[in-house]
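Taking it in order: structure first as structure tokens, then the write-up.
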Amino acid sequence: GWLARLYRDGKAVDRDLFKAASLMDEARLGKKLWWAKDEYLNILWNLHTEDGYKTLYSVCTELSESGDTVAKGWLARLYRDGKAVDRDLFKAASLMDEARLGKKLWWAKDELDEILELLDNNVNSAHLFEFP
């Protein structure tokens, strides 16, 4: 995990997000670093490649099935932007709402608001989600 961070940030080594992703995935699967999963998902997003988005989709789909709200937030971003999946703002809003309710993602509420605004430009759908 720590070596992956060096490659991600280009500190003491040339920056290489692909190497960082590979190393962070190993750390994630080793389950010894609590933060490795979240950083792995972030690196996959920042690769800005179709393969990165497809891998992100696959990993997050598996994690979200066990209730992982962080993974649901990343899936929502993929659906919002149409990365590795067809764009689906309703699915994005639903997933981001679940991520927001999990209270682990500081960005989930703001991004849900943005998705609802995108939807509101097409359909009056803000009433579909309740806010505490």
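The values are calculated or read from the model by the stated rules, or taken from the named source; none is laboratory data. Since the structure is predicted, the reported quantities are computational estimates derived from the model, not experimental observations. Neighbour counts are summed over all protein chains in view; Cβ atoms, including those assigned to glycine, are modelled from backbone coordinates with ideal geometry.
Observations, loosely collected:
- Under the condition of being part of a helix (DSSP H, G or I) and among the charged types (D, E, K, R), the residues counted in the stretch 28-43 number 4.
- Entirely in the stretch 49-116, the helices (runs of 4 or more DSSP H) that have 3 or more residues that are acidic (Asp, Glu): 50-64
- Condition met for residue 82 (of a type in the set (Gly, Ala, Ser) and either loosely packed, with under 15 Cβ neighbours inside 10 Å or in contact (Cβ under 8 Å) with a residue 40 or more places away in the chain (or both)): yes
- Residues that are farther than 14 Å from residue 70 by Cα and surrounded by fewer than 19 Cβ atoms within 10 Å (Cβ to Cβ), drawn from the stretch 89-115: 90, 91, 110, 113, 114
- The residues of the stretch 1-53 that are of a type in the set (Ser, Thr, Tyr) and either under 23 Å from residue 77 (Cα atoms) or touching a strand residue (DSSP E or B) at 6+ places or on another chain (Cβ under 7 Å) (or both), listed by number, are 22, 40, 49, 53.
- Residue within the stretch 3-10 that is farther than 16 Å from residue 105 by Cβ, surrounded by fewer than 16 Cβ atoms within 10 Å (Cβ to Cβ) and in contact with a helix residue (DSSP H, G or I) (Cβ under 8 Å, 6 or more places away or on another chain) present: yes
- Some residue of the stretch 28-40 being modelled with pLDDT of 95 or more, within 28 Å of residue 103 (Cβ to Cβ) and either touching a His at 6+ places or on another chain (Cβ under 7 Å) or of a type in the set (A, V, I, L, M) (or both): no
For (1) touching a Cys at 6+ places or on another chain (Cβ under 6 Å); (2) closer than 24 Å to residue 106 by Cβ; (3) not basic (Lys, Arg), each residue gets a yes or a no:
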site: 37; (1), (2), (3): no, yes, no
site: 49; (1), (2), (3): no, no, yes
site: 52; (1), (2), (3): no, yes, yes
site: 68; (1), (2), (3): no, yes, yes
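- Hey, residue 73 out of contact with any Phe, Trp or Tyr (no Cβ under 7 Å at 6 or more places or on another chain), among the small types (Gly, Ala, Ser) and surrounded by 20 or more Cβ atoms within 10 Å (Cβ to Cβ) or not: yes
- Scanning the stretch 39-66 for residues that are surrounded by fewer than 18 Cβ atoms within 10 Å (Cβ to Cβ) and acidic (Asp, Glu) yields 50, 51, 62, 65.
- Scanning the stretch 13-37 for residues that are touching a residue at least 12 places away in the same chain (Cβ under 8 Å) and either surrounded by 16 or more Cβ atoms within 10 Å (Cβ to Cβ) or among the aliphatic types (A, V, I, L, M) (or both) yields 17, 19, 20, 21, 23, 24, 25, 27, 28, 33, 36, 37.
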